[in-house]
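The values are calculated or read from the model by the stated rules, or taken from the named source; none is laboratory data. Given the structure is predicted, the values throughout are model-derived calculations rather than measurements. Note that each Cβ is placed from the backbone with ideal geometry, even for glycine, and that neighbours are counted across all protein chains shown. Heads up: the accessible areas ignore ligands, DNA and RNA and are worked out on the full protein's heavy atoms, side chains in. Shrake-Rupley method; radii C 1.70, N 1.55, O 1.52, S 1.80 Å.
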Amino acid sequence: MKLTTSALLLLILLTFSCQPKRHIDFAPTDLKEAKVIPEPLEITASGSGFALDKYTEISVVAEDEAFEDVADYLSDKIKDRTGVDLKVTSRSYTQLSIQQASGFDNDEAYVLIIKEDSLILKAGTAAGAFRGIQTIRQLIPEEAITTLADYPIWVIPTGTITDEPQFAFRSTMLDVARHFFSVKDVKKYLDILAYYKYNTFHIHLTDDQGWRIEIKSWPKLTEVGSTTGVGGGPGGFYTQEDYQEIVAYAAERHITVIPEVDMPGHTNSASLAYPFLNGNGKEIELVTSMAVGYSTFDTRKDTVYAFIDDVIREISAITSGPYFHIGGDESHVTEKDDYVYFVERVEKIVKKYGKTMIGWDEVATANLEGPAVAQWWNDKENAQAGIDQGMKLILSPANKAYLDMKYDDNSEFGLRWAGLIPVDTAYIWNPETLFPMEHVLGVEAPLWGETIRTISELEYLAFPRVIGYAELGWSTQENRNWEDYKKRLAHHRLFLDANGVNYYKSPVIEMEY
Ligand code: ACM
């Protein structure tokens, strides 16, 4: 028997109001009070509840078969959370229905229509449906009702959510070069990023201390270049199969992977493996320090470009997304002319392999053919030069968006060269107002890895700040408010705890530790 009649729900809700107050709200009836992050575009509440229980079935009504994967993902996650195994059926209508519909301008848009007897998610694409199911997951209360039946019921507040992102690009970067992180670690991180509707994952694969991706035509890159990291740790690298596993895992979560090979600076590990690449005139040695700015490729040798061609060809072939990031930052020992020549030549190689080039903001000092993207981290003039030549911008201002900055003086991990970034500072800024919106692709929060060696240390720096950057990328400025956000964020500790995610116990958030 399905317990979804209005009368029964009313009874259930009345029953709650007689129960002693608990520290977790387990019977929400006001959809506007739901603690969803990122805050949706529009919420209309209708003040009742939809009961999810073991009899709920999920149907998919879609031409695109990828919607079925979305339904399976939702069913898996509900099972993880509640223990209830919801059947995904081929029946055309069930209580919980995921439907492909027309009329959406944005690929990630969705609408959720929640009534007492049905919960319908509509989206134009599987990506939109995937974003929508993250909202459904967040609407399921922490605790079930068990008072009126011999099985648990989770009450979801009724109403309508109409949602879409304000930026098409919402990303975080992980540096696996300074310290290596395993495929398992990266997958765990991707799982959590998906919950907050991230759609891009930038992976910084190479730097002075380590080269972390197998290149079959240049095997010494990993044989010689991957053996250690900052502080002399064990190092490591991804085989191409490992990397493909990450790309596929991300794609299942509608997340695009951007590979970065940082050059012409930040290349000590490559030159250690193949000394002909080196252009700084010095003997190359293995480095484990955090120093930057001393390495460069020899930008005037054709053999260097033959090498780069192979690297970009091999990585592009196993990357499904449209971008290739060439780094380009802090090439302090590359002559200015040589730097510009290098970036302009490498842009053509990236294009040859069908990708759009991204570089840190310094690349905008070159004359690029485009389309190309500049990632603003440091120099606003560079970013403006990018706009002036038609480049799009990714916004990663170091003093707001760098996840590797310490939170405060008590932070165990992190650096402080761009300033301390407490959880409120990370959240309270407006990416919409820095440059005209039409030039901005979106927001990325980079996590550099000098001070972190384990997934728990990675999570300490990422969480909870990375959750705030998700909201900066998705929600409009009118829908963002620190006082409201911090209450929603406090609630999300339950999700982080349940998923074994470490996070910084920030004094600015009342997390009920
Ligand atoms: C950077 O932080 N060097 C892009």
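For ALA306, indicate whether it is within 16 Å of the ligand (Cβ to nearest atom), more than 30 Å from ALA129 (Cα to Cα) and open to solvent by 40 Å² or more (accessible area, probe 1.4 Å). When the stated conditions are applied, ALA306 does not pass them. Residues of region 403-410 include none that is touching a Ser or Thr at 6+ places or on another chain (Cβ under 6 Å) and buried (at least 16 other Cβ atoms within 10 Å of the Cβ).
Is at least one residue of region 429-444 under 30 Å from THR162 (Cβ atoms), within 16 Å of the ligand (Cβ to nearest atom) and out of contact with any helix residue (DSSP H, G or I) (no Cβ under 6 Å at 6 or more places or on another chain)? Yes, there is a match, as at least one residue in region 429-444 is under 30 Å from THR162 (Cβ atoms), within 16 Å of the ligand (Cβ to nearest atom) and out of contact with any helix residue (DSSP H, G or I) (no Cβ under 6 Å at 6 or more places or on another chain).
No other residue among ILE258, ILE192, ILE246 is among the hydrophobic types (A, V, I, L, M, F, W, C), outside any helix (DSSP H, G or I) and under 24 Å from the mean Cα position of the chain (by Cα) apart from ILE258.
Scanning region 215-229 for residues that are open to solvent by 10 Å² or more (accessible area, probe 1.4 Å) and either closer than 30 Å to LEU441 by Cα or aliphatic (A, V, I, L, M) (or both) turns up just one, VAL224. Checked against (1) outside any helix (DSSP H, G or I); (2) within 16 Å of the ligand (Cβ to nearest atom), TYR339 passes all but condition (1). Within region 429-486, the set of residues being outside any helix (DSSP H, G or I) and farther than 26 Å from LYS392 by Cβ comprises GLY449, GLU450, THR451, ILE452, ARG453, THR454, PHE463, PRO464, ASN481.
The rows are residues; the columns are (1) within 29 Å of MET290 (Cβ to Cβ); (2) in a strand (DSSP E or B).
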{"position": "ILE326", "(1), (2)": "yes, yes"}
{"position": "ARG345", "(1), (2)": "no, no"}
{"position": "ILE349", "(1), (2)": "no, no"}
{"position": "MET357", "(1), (2)": "yes, yes"}
{"position": "VAL363", "(1), (2)": "yes, no"}
{"position": "GLU369", "(1), (2)": "no, no"}
{"position": "ALA383", "(1), (2)": "yes, no"}
{"position": "ASN399", "(1), (2)": "yes, no"}
{"position": "LEU403", "(1), (2)": "yes, no"}
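A residue that is touching a residue at least 40 places away in the same chain (Cβ under 8 Å), away from the ligand (no atom under 15 Å from the Cβ) and either more than 23 Å from ILE509 (Cα to Cα) or of a type in the set (Val, Ile, Thr) (or both) cannot be found anywhere in region 407-418.
Within region 369-391, the set of residues being more than 13 Å from the ligand (Cβ to nearest atom) and surrounded by fewer than 21 Cβ atoms within 10 Å (Cβ to Cβ) comprises GLU369, GLY370, PRO371, LYS380, GLU381, GLN384, ALA385, ILE387, ASP388, GLN389, GLY390.
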